[in-house]
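J.: What follows is a structure written as C-alpha cells; I'll ask about it next.
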Amino acid sequence: MDKAISLVISELERQSTLQRGGKVAFPPDQEMLAITYDTGTFFSILIQAIKATRILEIGTSSGFSTLWLADAVLSVMKRKKQRPAIFTIEENPEKAKWAEANFRQAGVDKMIEIIPGQALHALRSLRRSKAVFDFAFIDADKEHMIEYFDLALSMIRVGGVIAADNILYPEHFRRHTAKYVRHIRHMRNIQSVTVPIGMGEEISIKL
Ligand SMILES: C[S@@+](CC[C@H](N)C(=O)[O-])C[C@H]1O[C@@H](n2cnc3c(N)ncnc32)[C@H](O)[C@@H]1O
C-alpha cells in the first residue's frame, strides 16, 4: 500500500473505531459511517483483479473508502497506462471539505473529483457526459439504492463491478437493502452475491 495513503487510512480507521464503539460523541458533520478495514481490503483485491481505473463512488463522507479505492487504482496503474479517474459524490459540504483535506494529505487529490450535491442529480449529469466506469460503490442514503444502481449500471462497462454497502447491517436498513437485492437478482445481465464482510456487501458484475 502507498505509504502516504496508508498513514491517512490508519488515522481515519482509529477515529472510525472510536465512533463505532459509541463511547465518544461526534457532531453529525464528523460522523464517518465508514466501511470496515476488511471491506477496504476486499474492494482493493476486486479492483486489482478487474484492473479498474475508472471509479464511481456514491457517498464520500471522510473519504476513507475513497482512499482504499485510490490506492487500489494506483496499483493497477503501475501495470496499465490509463488515466485514473475517481468520481465521488457527497451532499454534505462539511464532509466534502474533510474528504478533500484527507485526499490532499494522502497525495491523491489530483486523481479524485468530489462532486458536491445530490447523488441522483450528479449521476444523471455524469450519464449525460457519457462517463464510463469499471467499478462503482454505492454507500449513500438507502432509500434510493435501486435508482443509484440502475444509473451506475448504465455507465459500467461489461465485466465491471458494482458494490453496495450495509446489505446486512445495521438491521434497520434491511427493508431497503432486501428490495435492492431482489431488484438485482431479477436481472439477466447481472451476476450478484451478498458477501458477509464488514456490514455486508452486495457484489454485482455486469455480464
Ligand atoms: C455511509 S457514509 C459514506 C461512507 C464512505 N463511503 C466510507 O466508507 O468512508 C454516506 C455518505 O453519503 C452522503 N449522502 C447521503 N445521502 C446522499 C445523497 N442523496 N446524495 C449525496 N450524498 C449523500 C452522506 O452525507 C454521507 O457522508
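J.: Residues of the stretch 124-159 being touching a residue at least 24 places away in the same chain (Cβ under 8 Å), of a type in the set (G, A, S) and farther than 12 Å from I58 by Cα, which ones?
T.: A131, S154, G159
J.: Within the bounds of the stretch 79-94, is there any residue that is of a type in the set (A, V, I, L, M), out of contact with any Gly (no Cβ under 7 Å at 6 or more places or on another chain), surrounded by 15 or more Cβ atoms within 10 Å (Cβ to Cβ) and part of a helix (DSSP H, G or I)?
T.: Among the residues of the stretch 79-94, not one is of a type in the set (A, V, I, L, M), out of contact with any Gly (no Cβ under 7 Å at 6 or more places or on another chain), surrounded by 15 or more Cβ atoms within 10 Å (Cβ to Cβ) and part of a helix (DSSP H, G or I), which makes the answer no.
J.: Taking R20 as meeting all but one of (1) within 13 Å of the ligand (Cβ to nearest atom); (2) surrounded by 14 or more Cβ atoms within 10 Å (Cβ to Cβ), write down the number of the exception.
T.: (2) is the only condition that R20 fails.
J.: Residue by residue through the stretch 43-72, note down the ones that are over 19 Å from V8 (Cβ atoms), in a helix (DSSP H, G or I) and either within 14 Å of the ligand (Cβ to nearest atom) or out of contact with any Ser or Thr (no Cβ under 8 Å at 6 or more places or on another chain) (or both). Step through it out loud before you land on a result.
T.: Residues of the stretch 43-72 that are over 19 Å from V8 (Cβ atoms), as a first pass: 45-46, 48-54, 56, 58.
Next cut, in a helix (DSSP H, G or I) only: 45-46, 48-49.
Of everything in the stretch 43-72, those that are over 19 Å from V8 (Cβ atoms), in a helix (DSSP H, G or I) and either within 14 Å of the ligand (Cβ to nearest atom) or out of contact with any Ser or Thr (no Cβ under 8 Å at 6 or more places or on another chain) (or both) turn out to be I45, L46, A49.
Each row is one residue, and each column tells you yes or no for (1) more than 17 Å from the chain's Cα centre (by Cα); (2) assigned to a loop (DSSP other than H, G, I, E, B); (3) more than 12 Å from the ligand (Cβ to nearest atom).
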{"residue": "Q105", "(1), (2), (3)": "yes, no, yes"}
{"residue": "I115", "(1), (2), (3)": "no, no, no"}
{"residue": "L123", "(1), (2), (3)": "no, no, no"}
{"residue": "D141", "(1), (2), (3)": "no, yes, no"}
{"residue": "Y148", "(1), (2), (3)": "no, no, no"}
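J.: Another question about this same structure. Restricting the search to the stretch 94-103, which residues are within 13 Å of the ligand (Cβ to nearest atom) and free of Cβ contacts under 8 Å to residues at least 24 places away in the same chain?
T.: Scanning the stretch 94-103 gives a single hit, K97.
Just so you know, all these numbers are worked out from the coordinates, no wet-lab data involved. Given the structure is predicted, the values throughout are model-derived calculations rather than measurements. Positions of Cβ are backbone-derived with ideal geometry, glycine not excepted, and every protein chain shown enters the neighbour counts.
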